[in-house]
Amino acid sequence: MAKISLTRMEKDRYLAQDPKITDVINSLVSREKLPQSKALNKDIETVVALARKFNEEVVKPAYKQIDLEVSKDNDYLCWDFIKKANEWGLYSLFIAKMFGGNGMNIIGMYPFVEELASVCVGLANVVGVHYLGYATLCSSWNLRVINEICREVKQGEKTGNPCLISLAITEPGAGTDLEETMLMDKGKVETIAQKVEGGYIVNGSKVFISNGHVSTWHMLIAYTDKTKPSKTTVMLAVKNGMKGFSFGHHEKKMGQKACVASELIFEDCFVPDKYIACDANAFPENASKSRQEIVQMLIDYVVSSTRAGVGAFAVGAARGSYETALEYARKKTVNGKLLINHQWAQSLLAEMYKNINIGRAAYMESAYANTMHGLVKTLFFLPIYYADRFLPSWYWTFIASPFFRLKIVTKLFRWVNFYRYPLESAEIQSGWASLTKFGCTDLGVINCQMALQLMGIDGCRHDIGAEKYYRDAKLLQIYEGTNQLNRINLFKNLVSRNMQEVEVF
């Protein structure tokens, strides 16, 4: 915990490594003239400096060896790294103070994970995918469950027992289908939740679940009717040790090996009512929005925040491959002169540098769209923002927490964020998230390819690291919705708006 605190001298030293990242981000935020921009800029500078310190002391000494260990033994789990991240407070760093976290501005998470990914995308994902679980939990707007699980994350930090959260949505017969209600009913969903007295009984399995084997809580997406999943989605909070829940195999992956992709198995797994985070079946049919529309909102709240995170991972990979290629070019001699003095190499490096900054601008614009239209909007509502920032932790623990248990509080937040949520806001946040996701990840892969092109056969050496960036970046084009799906989603939300003749999906 002590390592979260940075001295002024440490902060200045780590920011001085590359001041350009904070200069670009600060200008983006200041341009929008947010009332919170000054404090937000300060938070961004703090977390960027913290990420650089963590990279220097923890990630760089370990990441190549961890990649080799998983290559030799696919069942290897990087528990030492996870415990270190827990010691540094990274798993509660961006959880709101009202829920027991450290309360750093959630927008700062994006440049934070870019920093981590600039060294190792896999280990960045071991930290970042925990916030995918957190975003899923928050999208339920069930304040009682959110408060309980987040406080357990903080408690795990204090006791030295990491408490991570995963999202369990992908199934053997349904992956990208499950991120669009217009496709969901065509997918082959098999994870079924049957209502019984006191809760749900779940049967089925989930696959490719990032951080599955190392997480304590799993935000499980199941369905009460597999013929109509778009209207019968249920979000359940499943904890390790619940009867009927077990882990299956580890997926063998080309890249991001440090972040385990798990199979989760549910065999008559009983989840009590208290851990039903959100149940579409409970939404009235005569409400201002249909159940299917609310399910899509639930999905969009999650992916519209996390796709910007995938964009930040990709920019990290783009930057890491660029920095590796730049260092190589400054040392390698070709035809009697340094490679960096060849114009073709200079052009290549300039192109890579351009891609990094275009990508960073895109993911920050998407993050900003979330402050105005998405999941983060509530935290930027000024009374809530200032209360979370300035009220002491004891207030939230002893005074506010009992109110979070009241059903009326959850109903109020759902009324605002589901029934009163405008369609235009959904289109903006979802469209920009998709633009960022496929735009940044394509640029990330292009940069990795150009690094290998510049380095030739030397780029294939594991000790140099360029080939690992490419392996890691390729996976970014696939998860959080394939890039093909995200292109169609961008078209649906931003290109074909008000075009009645257009059919999508």
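The values are calculated or read from the model by the stated rules, or taken from the named source; none is laboratory data. Just so we're clear, the structure is a prediction, and the values are computed from it rather than from any experiment. Don't worry about glycine lacking a Cβ; one is built from the backbone with ideal geometry, like all the others, and counts go over all protein chains shown.
Output the residue which, of all residues in the stretch 214-238 that are more than 23 Å from A85 (Cβ to Cβ) and polar (S, T, N, Q), is surrounded by the fewest Cβ atoms within 10 Å (Cβ to Cβ). Full working, then the answer.
Start the filter on the stretch 214-238 by keeping residues that are more than 23 Å from A85 (Cβ to Cβ), which leaves 220-236.
Restricting the remaining residues to those that are polar (S, T, N, Q) gives 224, 227, 230, 232-233.
Numbers: T224: 18, T227: 9, S230: 25, T232: 21, T233: 29.
My answer is T227.
Can you name the helices (runs of 4 or more DSSP H) wholly within the stretch 286-403 that have at least 1 residues being in the same structural domain as Y421 (by TED's automatic domain parsing) and acidic (D, E)? Spell out how you get there, then give the answer.
On the way: elements: 291-331, 343-373, 377-380, 382-390.
Result: 291-331, 343-373, 382-390.
Looking only at the stretch 146-192, residues that are over 23 Å from H213 (Cβ atoms), at pLDDT 95 or above and outside any helix (DSSP H, G or I) come to 1 in all. Checked against (1) farther than 30 Å from G101 by Cβ; (2) more than 24 Å from the chain's Cα centre (by Cα); (3) modelled with pLDDT under 95, L454 meets all criteria but (3). On the stretch given as the stretch 280-306, residues that are more than 15 Å from I169 (Cα to Cα), under 27 Å from the mean Cα position of the chain (by Cα) and acidic (D, E) total 1. Residues of the stretch 449-483 that are part of a helix (DSSP H, G or I) and among the aromatic types (F, W, Y): Y469, Y470.
Within the stretch 200-212, at least one residue is within 30 Å of C120 (Cα to Cα), crowded, with 22+ Cβ neighbours inside 10 Å, of a type in the set (A, V, I, L, M) and at pLDDT 95 or above. With respect to the conditions (1) surrounded by 15 or more Cβ atoms within 10 Å (Cβ to Cβ); (2) in contact with a strand residue (DSSP E or B) (Cβ under 7 Å, 6 or more places away or on another chain), R330 lacks only one, and its number is (1).
Looking at T191, T227 in this structure, which one is over 29 Å from V153 (Cβ atoms) and hydroxyl-bearing (S, T, Y)?
Exactly one residue qualifies, and that residue is T227.
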